[in-house]
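Scroll down for the structure; my scribbles are underneath it.
The values are calculated or read from the model by the stated rules, or taken from the named source; none is laboratory data. Every value quoted in this text rests on a predicted model; they were computed, and no experiment measured them. Here Cβ is always computed from backbone atoms with ideal geometry, including for glycine, and neighbour counts include all displayed protein chains. Please note that ligands, DNA and RNA were not included when accessible areas were found on the heavy atoms of the full protein model with its side chains. Shrake-Rupley method; radii C 1.70, N 1.55, O 1.52, S 1.80 Å.
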Amino acid sequence: MASFATLFSFLTIALLSFSCSSQFILPIEKDPLTNLFSTSLGIGTPQHNFNLVIDLGGPILWYDCNKSYNSSTYTPLSCDSNLCTNDAGCTSCDGPLKPGDTGNDVLFISNTKVSGFLSGCTDSDAFSDDFPLKNLPKTSKGILGLARTQLSLTKQLSLSSNKLPNKFALCLPSSSKHGSLFIGGVPQKSSFSKLQLTTIPLIINPFSTAPIFTEGDASYEYFIDVKSIKIGGEVLNFKSSLLSIDNKGNGGTKFSTLSNFTVLHSSIFKPLVRDFGKKASDKKIKKVASVAPFEACFDLSTIGRTNTGLDVPIIDLVLEGGVEWTIFGGNSIVLVNKNVACLGFVDGGKEPRTAVVIGGNLLEDNLLEFDLVSSKLGFSSSLLLQNARCSNSEANGNLISIE
């Protein structure tokens, strides 16, 4: 695979023409069957609208171009381009659009036309079950990559105008109502901008953890430096070195919107389940039989309610500088049926590549801003503390209070 960094020179030449708006706001919807999050964009001429699954770790926008798809504005990369060296996306260069191509075309975003946008095209029916476009919601026909690459949506749009910062913000919904994706960061003239975000560094794993990479490249996924984990105010006892990235790129903590739930190294998962269960018992919460894939499950009728969700032991991620990301019941607990609620963490085994993978369940109803210029993450903690939800946001980026 050619390094994504090598594509920078091509991107600076590509013409990106659209309005001088400094931000784009896209609606996010949650699929009730897969719990994945998606938004919609238009590609090609005539315009083809695609529902795309949001992937924080995805390097590029991929869409499904089956035999019926065609675009008169599509331009393939030249076969003699240095971008095509060992790049599987260039297997069909200098020809008409076919599955497997990487090229540029027109993108339609928020009623704005963007020319020269680079993306990947493939026929998902022609690939194996581990291909990225497999196992998506039935309504989705692609993946919107937001990773730290030159081909991500955010980076490409930032190259088009000095007024569009290389940052984006997510507010993932916890229900069927829409959340928001802010390309360019949190809108300054919205109620979101009034939220005080805690800012922490985004760290870089010097070894790639993604399925598509060049040997020797750093990971383009988003990592944060978690120092310890607390349950009910008490530090969890496990080998803390698991939270650090070692000299082979193992360990650490990253985000993944393609993971429904938060996945932990077994040596972290087991004490977390144990201590959470003890703290839950102290609150007179009754434990019941496990429901796969969860281990710690409880009788819903024995759990109280608060404005931040079910009244269960609080989990804190202790970050660099002593900053704490507090996780309340609204994020940590999953309702598996009308009688049972489970702790939404799963066992990732004894040798996972990454020790902590923060899944979509912990990100819902939290405002997250990824600033790729300063390499920092701003987070709000649960919006339920503000009597609001991501799924109560308006199309203009304003929050509506919960009735």
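A few notes on this one:
- Some residue of the range 344-365 being at negative phi, touching a residue at least 24 places away in the same chain (Cβ under 8 Å) and of a type in the set (Lys, Arg): yes
- Residue within the range 274-283 that is closer than 16 Å to Leu236 by Cα and touching a residue at least 60 places away in the same chain (Cβ under 8 Å) present: yes
- The set of residues in the range 171-219 that are in contact with a Pro (Cβ under 7 Å, 6 or more places away or on another chain) and farther than 17 Å from Leu56 by Cα comprises Ser176, His178, Ser193.
- Residue satisfying all of: in the range 213-245; in a strand (DSSP E or B) and not β-branched (Val, Ile, Thr); nearest to Ser152 (Cα to Cα) among these: Phe223
- Filter result (surrounded by fewer than 21 Cβ atoms within 10 Å (Cβ to Cβ) and of a type in the set (Ser, Thr, Tyr)) within the range 319-370: Thr326
- Scanning the range 155-191 for residues being within 29 Å of Asn387 (Cα to Cα) and within 19 Å of the chain's Cα centre (by Cα) gives a total of 20.
One line per residue, one yes/no per condition, for (1) under 30 Å from Pro32 (Cβ atoms); (2) modelled with pLDDT under 95:
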| residue | (1), (2) |
| --- | --- |
| Lys138 | yes, yes |
| Lys155 | no, yes |
| Ser160 | no, yes |
| Asn166 | no, yes |
| Ala169 | yes, no |
| Ser175 | yes, yes |
| Gly185 | yes, yes |
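- Taken together, the residues in the range 374-397 that are within 16 Å of Ile183 (Cβ to Cβ) and modelled with pLDDT of 95 or more amount to 1.
- In the set (1) under 20 Å from Gly378 (Cα atoms); (2) at pLDDT 95 or above, the condition left unmet by Arg274 is number (1).
- The range 192-207 residues that are without any contact (Cβ under 8 Å) to a residue 24 or more places away in the chain, paired with ones that are buried (at least 18 other Cβ atoms within 10 Å of the Cβ) and not hydroxyl-bearing (Ser, Thr, Tyr) (beta carbon under 6 Å, 6 or more apart): Ser193/Val186
- Hits in the range 26-50 (condition: open to solvent by less than 20 Å² (accessible area, probe 1.4 Å) and in a strand (DSSP E or B)): Leu26, Ile28, Phe37, Ser38, Thr39, Leu41, Gly42, Ile43, Phe50
- Selection count, the range 371-380, where residues are assigned to a strand (DSSP E or B) and open to solvent by 20 Å² or more (accessible area, probe 1.4 Å): 3
- The residue that is surrounded by the fewest Cβ atoms within 10 Å (Cβ to Cβ), among those in the range 222-242 that are within 20 Å of the chain's Cα centre (by Cα) and aliphatic (A, V, I, L, M), is Ile224.
- Annotation note: of Phe192, Phe207, the sole residue that is outside any loop (DSSP other than H, G, I, E, B) and of a type in the set (Phe, Trp, Tyr) is Phe192.
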